[in-house]
Structures are given as C-alpha cells and as structure tokens.
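Right, one structure below, let's go through it.
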C-alpha cells in the first residue's frame with residue numbers, strides 16, 4: 001500500500017461530483033413533500049410516487065459512492081456480490097446493462113484490502129462512457145480482472161483517459177475527469193495496476209491483482 005498526498009483541488013472536485021449526483025433526487029424529495037403539503041389527500045398518490053422514486057435514487061447512489069469513494073469500500077468484508085448489487089441498483093434506470101458471472105469471474109484468493117474499490121471505480125468509468133447505453137462486462141483471466149464498456153457510442157471525453165492513467169495534471173482536472181483520476185489514485189494507493197485500452201466502440205480496463213494475493217503460512221497452506 002502506497003501513501004499518496006491528495007491535493008485540495010482533488011478533494012473539492014470529488015465533493016462537487018458527489019453533491020451533483022445527489023442533489024437531483026434530494027431536490028425531488030423536497031418537491032414531493034411540498035406537493036403533499038399543498039394538495040393534501042388529493043395529491044397523496046402523486047406525492048408518494050415522487051418521494052419513493054427520489055428516495056430510491058438517493059439511496060442507491062449513496063450506497064455506491066460509499067463503496068467507490070468512502071472507507072467502506074476498502075474494508076476486508078467487501079465482496080464481489082456487494083459490488084455487483086450496488087452497481088446493478090445504480091444503473092437500474094439506465095440503458096446500460098451489466099454482464100458479470102460472479103461465480104466464475106471473481107478472485108478466489110484472499111486479497112489485500114482495496115481491490116473491490118478499484119474494481120467498482122473501473123466499472124463506474126465504463127458506465128460513464130456509455131452515454132447512449134450499452135454493456136458493462138466484467139471478466140477474469142488468471143489474476144487479471146477486466147472491465148469492458150461496449151456500445152454503439154462510446155464517448156471518452158477529453159482528458160478522461162489521461163486522468164485514468166495518471167497523466168493529467170491536477171490543475172487541469174475538471175468535474176468530468178475527477179472520477180477517473182480518483183480511480184487511478186486508488187489503484188496506485190492499494191497496489192492494483194490498471195491498464196487502459198480503447199477500441200472503436202469499446203474500452204477495456206484490466207486490473208492485475210497477482211501482487212496483492214495474501215500468502216498463507218506454509219503450515220496453514222499444507223493443512
């Protein structure tokens with residue numbers, strides 16, 4: 001694990017990113033309460049529908065952000081199933097679908113903390129480039145997990161790829177490039193190298209976890 005100094009600008013942009021994604025459903029909850037207050041029983045059905053949908057959106061976003069940006073995503077108890085369910089809930093209103101065979105495409109080994117945080121951030125990057133829908137695919141080959149985004153239109157905005165590779169200067173970061181930059185920082189901090197490649201209608205992020213497998217003591221392994 002490598003300690004990394006985080007510039008103030010990175011913290012500011014990341015907080016702005018989270019607030020931007022949360023403010024819409026929170027505002028909708030406020031509107032639902034206002035509608036209920038003004039219309040009373042007559043507006044009950046519409047108000048409750050708006051409140052339920054908005055609360056659901058806020059909840060699933062917060063759950064995913066907790067895993068991708070918060071300390072919760074670095075805990076040893078985080079599993080592939082937790083990441084899978086949080087991401088599925090996050091994209092439930094999108095035109096994006098997730099393909100991930102959890103039984104066969106999840107590390108069998110015990111890994112040092114942080115792997116699933118790095119993985120979910122790669123999945124979020126894949127989701128962000130599919131602005132018109134498509135598929136986020138997670139696969140495993142040996143000790144390498146690969147996240148692929150595939151669709152008719154894969155849009156990697158200016159600076160996003162450079163940020164993911166740690167090649168974008170901090171003073172050049174924007175709200176659009178802060179996520180890939182933070183994903184790079186987490187990968188570097190926890191020691192899970194990422195490799196990024198881009199095709200005509202797809203991008204791939206490969207995460208090598210071989211160096212972070214926890215080796216059991218010889219006696220325990222033999223037993």
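The values are calculated or read from the model by the stated rules, or taken from the named source; none is laboratory data. Values in this document were obtained by computation on a predicted structure and should not be read as measured data. Positions of Cβ are backbone-derived with ideal geometry, glycine not excepted, and every protein chain shown enters the neighbour counts.
Anything in the stretch 108-126 that is touching a strand residue (DSSP E or B) at 6+ places or on another chain (Cβ under 7 Å) and buried (at least 16 other Cβ atoms within 10 Å of the Cβ)? List them, or say none.
Passing the criteria: 111, 118, 119, 122, 123, 125, 126.
Quick check: anything in the stretch 1-15 surrounded by 18 or more Cβ atoms within 10 Å (Cβ to Cβ), touching a helix residue (DSSP H, G or I) at 6+ places or on another chain (Cβ under 9 Å) and at pLDDT 90 or above? Give the steps one after another, and end with the answer.
Taking the stretch 1-15 as the starting set, the residues that turn out to be surrounded by 18 or more Cβ atoms within 10 Å (Cβ to Cβ) are 13-14.
Next, only the ones that are touching a helix residue (DSSP H, G or I) at 6+ places or on another chain (Cβ under 9 Å) stay: 13-14.
After this cut, where a residue has to be at pLDDT 90 or above as well, the list is 13-14.
The answer is yes, given that some residue of the stretch 1-15 is surrounded by 18 or more Cβ atoms within 10 Å (Cβ to Cβ), touching a helix residue (DSSP H, G or I) at 6+ places or on another chain (Cβ under 9 Å) and at pLDDT 90 or above.
When residues of the stretch 17-47 are filtered for being in contact (Cβ under 8 Å) with a residue 40 or more places away in the chain and loosely packed, with under 12 Cβ neighbours inside 10 Å, how many remain? Talk me through it step by step, then tell me what you get.
Within the stretch 17-47, the subset in contact (Cβ under 8 Å) with a residue 40 or more places away in the chain is 17-18, 20-22.
Within this subset, residues satisfying the condition of being loosely packed, with under 12 Cβ neighbours inside 10 Å are 20.
Selection size over the stretch 17-47: 1.
Please indicate, with yes or no, whether at least one residue in the stretch 70-85 is touching a residue at least 12 places away in the same chain (Cβ under 8 Å), out of contact with any helix residue (DSSP H, G or I) (no Cβ under 9 Å at 6 or more places or on another chain), closer than 22 Å to residue 199 by Cβ and surrounded by fewer than 18 Cβ atoms within 10 Å (Cβ to Cβ).
Checked against the condition, which is being touching a residue at least 12 places away in the same chain (Cβ under 8 Å), out of contact with any helix residue (DSSP H, G or I) (no Cβ under 9 Å at 6 or more places or on another chain), closer than 22 Å to residue 199 by Cβ and surrounded by fewer than 18 Cβ atoms within 10 Å (Cβ to Cβ), the stretch 70-85 yields no hits at all.
Just the residues that are in contact (Cβ under 8 Å) with a residue 60 or more places away in the chain and closer than 20 Å to residue 161 by Cβ, please, taken from the stretch 103-139. Break it down into steps so the answer makes sense when it comes.
So in the stretch 103-139, the residues in contact (Cβ under 8 Å) with a residue 60 or more places away in the chain come out as 107, 109-115, 117-119, 121-122, 124-126, 129.
Selection gives 118, 119, 121, 122, 124, 125, 126, 129.
Being part of a helix (DSSP H, G or I) and closer than 25 Å to residue 186 by Cα is true for just one of 49, 72, 32. Which residue is that? Spell out how you get there, then give the answer.
Numbers: 49 fails: closer than 25 Å to residue 186 by Cα; 32 fails: closer than 25 Å to residue 186 by Cα.
Exactly one residue qualifies, and that residue is 72.
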